[in-house]
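Encoded as structure tokens, the structure appears first; notes follow it.
The values are calculated or read from the model by the stated rules, or taken from the named source; none is laboratory data. Quick caveat: nothing in here was measured; it's all calculated off a predicted structure. Here the Cβ is made from the backbone with ideal geometry for all residues, glycine too, and neighbour counts use every protein chain on show. Each accessible area value is taken on the protein alone, full model and side chains, heavy atoms only, with ligands, DNA and RNA left out. Shrake-Rupley method; radii C 1.70, N 1.55, O 1.52, S 1.80 Å.
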Amino acid sequence: MSAPLNLGIDVGSTTVKLAILDAGQKVVYSEYQRHHTDIRATISELIGNAQAAMGDQPLTVAITGSGGLLLAQWLGLDFVQEVIASKTAVGALIPQTDVAIELGGEDAKIIYFDSGIEQRMNGTCAGGTGSFIDQMASLLNTDAAGLNRLAAAATIIYPIASRCGVFAKTDVQPLLNEGAKREDIAASIFQSVVTQTISGLACGRPIRGHIAFLGGPLEYLPELRQSFINTLKLTPEQVIHPQNAHLFVACGAAIAGAPGEPMSLAEIARRLEALGATQGSEVVRLSPLFADAADYQDFKDRHAQATVPKAALGEHRGPAFLGIDAGSTTFKAALIDADGRLLWSHYTNNKGDVLGTAKRVLAELYASLPADQAGQPLVELGHVTVTGYGEGLLLEALQADSGEIETIAHLRGASELLPDVDFILDIGGQDMKCLRIKDGVIEHIMLNEACSSGCGSFIESFAVSMNIDVASFAQAAVEAENPVDLGSRCTVFMNSRVKQAQKEGATVGDISAGLSYSVIKNALFKVIKIRDPRDVGEHVIVQGGTFLNDAVLRAFELLSGHAAVRPDIAGNMGAYGAALLARDRYIANANTSNNPDFDASRNTVASINAV
């Protein structure tokens, strides 16, 4: 009787790989398919295909992969830990390997074999993985294969962040706006993946000797593989690109499971069918954000009281004070009078063009200023203060009177509305700031660094992926009855959780509400790193455009146990604080023109008109 075949099934984060090996460890049948979170149905299809091609020859079976453990338990089959499967395949098929670089849908690994075995793997971030590449490809209106074709014709490499898909999007969008070639952007995306993998996983440990490239992205995207080769300066003799690199872990499982008891593909199919339609409930549900409509109305009424004093611009005369907050994704501006009353404000997406947006918005402001019969403005800009990411650019380009660090601007705006404020949480498009205040002074600042999960762009990306506008997405969360617990991991990981939740019947509202919880969990546990969510302060004010979403604000209040203050211009508080600073400086400089903070040579109005 001939030796049985060996079947290995690798259930990854985004794909299922199936490999059948003969006694000589040669692949005689294989399939590679995305499962779109429907693992049971996908494997049923693959087993059926294999049965049609191979018949019912006896074979041993072993399952591996990040999504394989539950399936192995359901089916009563052997499970092989992924590292063991990888090591087994390398040892059997490419024993000369010193280092293996493996990229999957949501994971990235560097495995050192030169002295024992050591694996370096991504943890809470999926930047630089297959799903990250898919996200970036969509920005260029193509898929991963199309990205590879574009990269083959590249001539320039641009720096692009790969630690976070949201940050990378912000790097890519301005390049597109400026007319950069899609081919160059594609190659730059691949280079960012290389940089992320090497710097984030190797962490300084040399990658040398014979290097094996494994996993779907490195099998199907030769330009990505070549980027690794170029960066590591590998010679052809050092490069190991084995046949069926995308099936390697499945092959390892097949080899490791060879001593097991043989069975037929028909038996595996029978066990799969016996599972029925269920896939198990993997997503935990949370409490609704609001108990009922009356609860939501009470919430709305309470927050409607936190308003900035306002006055009509058309009736104002004399000096006014302008604050500009040039953020990572948005441009905000606020004009106030000497009493701090808001005369005019603006909030818009900068679309990667900070200066162009500034020119357009300020032109609208000038058109709104009251003028006399001769057309001369009756309002003058007494002082202009700029803050935010674009502070340096606009300070010089517009010849603004002063610039200020954005944390100071946010504190100035917050303390105007809540003099006893001791905690400020500001969530913007890509950044998150937590400020602890003591005696009117910032005592401690906490910022998100390499990850923007839980920021405004994070929520916007999910809304766009579901083909719904952000406002409707937020309102759906308010009405959700069973929010899903999506954790607080990066966008790529959370995409899989969202898909799984949808498979289990979650509504758009359930997902939106779950994301609102995730935003706050990210802020409290990953950025502030507090043990008790209630330990944020007694006088809390929240700012940033993300908090205009009622669901996010409610999630903060529920998790922290505090009734926060949300100004009616929460998204514009940086600009409002900058305007207050502009007024303060104007008053301070009124009688001391030689004050070093006062530069009479700057003329903001004339400079802006000249740009």
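From the list Y347, Y366, which one is more than 20 Å from I587 (Cα to Cα) and either touching a helix residue (DSSP H, G or I) at 6+ places or on another chain (Cβ under 6 Å) or β-branched (V, I, T) (or both)?
Details: Y366 fails: either touching a helix residue (DSSP H, G or I) at 6+ places or on another chain (Cβ under 6 Å) or β-branched (V, I, T) (or both).
The conditions single out Y347.
So which residues in the stretch 7-37 are in contact (Cβ under 8 Å) with a residue 60 or more places away in the chain, open to solvent by less than 40 Å² (accessible area, probe 1.4 Å) and in a loop (DSSP other than H, G, I, E, B)?
Those that are in contact (Cβ under 8 Å) with a residue 60 or more places away in the chain, open to solvent by less than 40 Å² (accessible area, probe 1.4 Å) and in a loop (DSSP other than H, G, I, E, B): G12, S13, T14, T37.
Among (1) surrounded by 21 or more Cβ atoms within 10 Å (Cβ to Cβ); (2) within 30 Å of G537 (Cβ to Cβ); (3) modelled with pLDDT under 90, there is one condition I424 misses while meeting the rest; what is its number?
I424 satisfies every listed condition except (3).
Hey, any hits in the stretch 318-337 for a residue that's over 26 Å from the mean Cα position of the chain (by Cα), under 23 Å from G571 (Cβ atoms), touching a residue at least 12 places away in the same chain (Cβ under 8 Å) and open to solvent by 20 Å² or more (accessible area, probe 1.4 Å)?
no
Quick check on this structure: which one of V536, V605, V565 is modelled with pLDDT under 90, closer than 20 Å to D420 by Cβ and β-branched (V, I, T)? If you could, list the steps in order and put the result at the bottom.
Numbers: V605 fails: closer than 20 Å to D420 by Cβ; V565 fails: modelled with pLDDT under 90.
Unique residue meeting the criteria: V536.
Yes or no: L395 assigned to a helix (DSSP H, G or I), open to solvent by 10 Å² or more (accessible area, probe 1.4 Å) and hydrophobic (A, V, I, L, M, F, W, C)?
Numbers: assigned to a helix (DSSP H, G or I): yes; open to solvent by 10 Å² or more (accessible area, probe 1.4 Å): yes; hydrophobic (A, V, I, L, M, F, W, C): yes.
Spelling it out, L395 is indeed assigned to a helix (DSSP H, G or I), open to solvent by 10 Å² or more (accessible area, probe 1.4 Å) and hydrophobic (A, V, I, L, M, F, W, C).
Are any of the residues in the stretch 289-306 among the aliphatic types (A, V, I, L, M), within 17 Å of G68 (Cα to Cα) and outside any loop (DSSP other than H, G, I, E, B)?
Step one: of the stretch 289-306, the residues among the aliphatic types (A, V, I, L, M) are 289, 291, 293-294, 304, 306.
If we keep only those that are within 17 Å of G68 (Cα to Cα) too, we end up with none.
No, the stretch 289-306 has no match at all.
Considering only the stretch 548-563, state which residues are assigned to a helix (DSSP H, G or I) and open to solvent by 10 Å² or more (accessible area, probe 1.4 Å).
Those that are assigned to a helix (DSSP H, G or I) and open to solvent by 10 Å² or more (accessible area, probe 1.4 Å): L548, D550, R554, E557, L558, L559.
I'm trying to understand the selection: among the residues of the stretch 398-411, which are open to solvent by 30 Å² or more (accessible area, probe 1.4 Å) and in contact with a Leu (Cβ under 6 Å, 6 or more places away or on another chain)? So that I can check it myself, show each step before the final result.
Step one: filter the stretch 398-411 for residues open to solvent by 30 Å² or more (accessible area, probe 1.4 Å), giving 399, 401, 404-406, 408.
The answer is E404, and nothing else.
Given V478, V527, V470, V498, which one is buried (at least 17 other Cβ atoms within 10 Å of the Cβ), at pLDDT 75 or above and closer than 30 Å to G105 by Cβ?
Details: V478 fails: closer than 30 Å to G105 by Cβ; V527 fails: at pLDDT 75 or above; V498 fails: at pLDDT 75 or above.
Just a single option satisfies the conditions, and that option is V470.
Within the stretch 42-150, considering only strands (runs of 3 or more DSSP E) that don't extend past its boundaries, which have at least 3 residues that are of a type in the set (A, V, I, L, M, F, W, C)? Lay out the reasoning, then the answer.
On the way: elements: 59-64, 99-103, 108-112, 118-121.
By residue number, 59-64, 99-103, 108-112.
Only one of these conditions is not met by Y517: (1) open to solvent by less than 10 Å² (accessible area, probe 1.4 Å); (2) at pLDDT 70 or above. Which number is it?
In the conditions (1) open to solvent by less than 10 Å² (accessible area, probe 1.4 Å); (2) at pLDDT 70 or above, Y517 misses (1) alone.
Would a scan of the stretch 262-280 turn up a residue that is in a strand (DSSP E or B) and under 30 Å from K17 (Cβ atoms)?
So in the stretch 262-280, the residues in a strand (DSSP E or B) come out as 263.
Restricting the remaining residues to those that are under 30 Å from K17 (Cβ atoms) gives 263.
Scanning the stretch 262-280, I find at least one residue that is in a strand (DSSP E or B) and under 30 Å from K17 (Cβ atoms), so the answer is yes.
I need every pair where a residue in the stretch 281-310 that is farther than 30 Å from I336 by Cα has its Cβ under 6 Å from the Cβ of a residue that is among the polar types (S, T, N, Q), sequence separation at least 6 or different chains.
Partner pairs satisfying both residue conditions: E282/Q500; V283/Q500; R285/N482.
Condition (residue is of a type in the set (S, T, Y), crowded, with 19+ Cβ neighbours inside 10 Å and in contact with a Gly (Cβ under 6 Å, 6 or more places away or on another chain)) applied to the stretch 564-577: is it met by at least one residue? Talk me through it step by step, then tell me what you get.
Quick first cut of the stretch 564-577, residues of a type in the set (S, T, Y) only: 576.
Those left that are additionally crowded, with 19+ Cβ neighbours inside 10 Å: 576.
From what is left, the residues that are in contact with a Gly (Cβ under 6 Å, 6 or more places away or on another chain) are 576.
Looking through the stretch 564-577, at least one residue is of a type in the set (S, T, Y), crowded, with 19+ Cβ neighbours inside 10 Å and in contact with a Gly (Cβ under 6 Å, 6 or more places away or on another chain).
I'd like to know if the stretch 340-354 contains one or more residues that are within 38 Å of the chain's Cα centre (by Cα), part of a strand (DSSP E or B) and among the small types (G, A, S).
Of the residues in the stretch 340-354, the ones within 38 Å of the chain's Cα centre (by Cα) are 340-354.
Narrowing the set further to residues that are part of a strand (DSSP E or B) leaves 342-349.
With among the small types (G, A, S) added as a condition, the list becomes 345.
Looking through the stretch 340-354, at least one residue is within 38 Å of the chain's Cα centre (by Cα), part of a strand (DSSP E or B) and among the small types (G, A, S).
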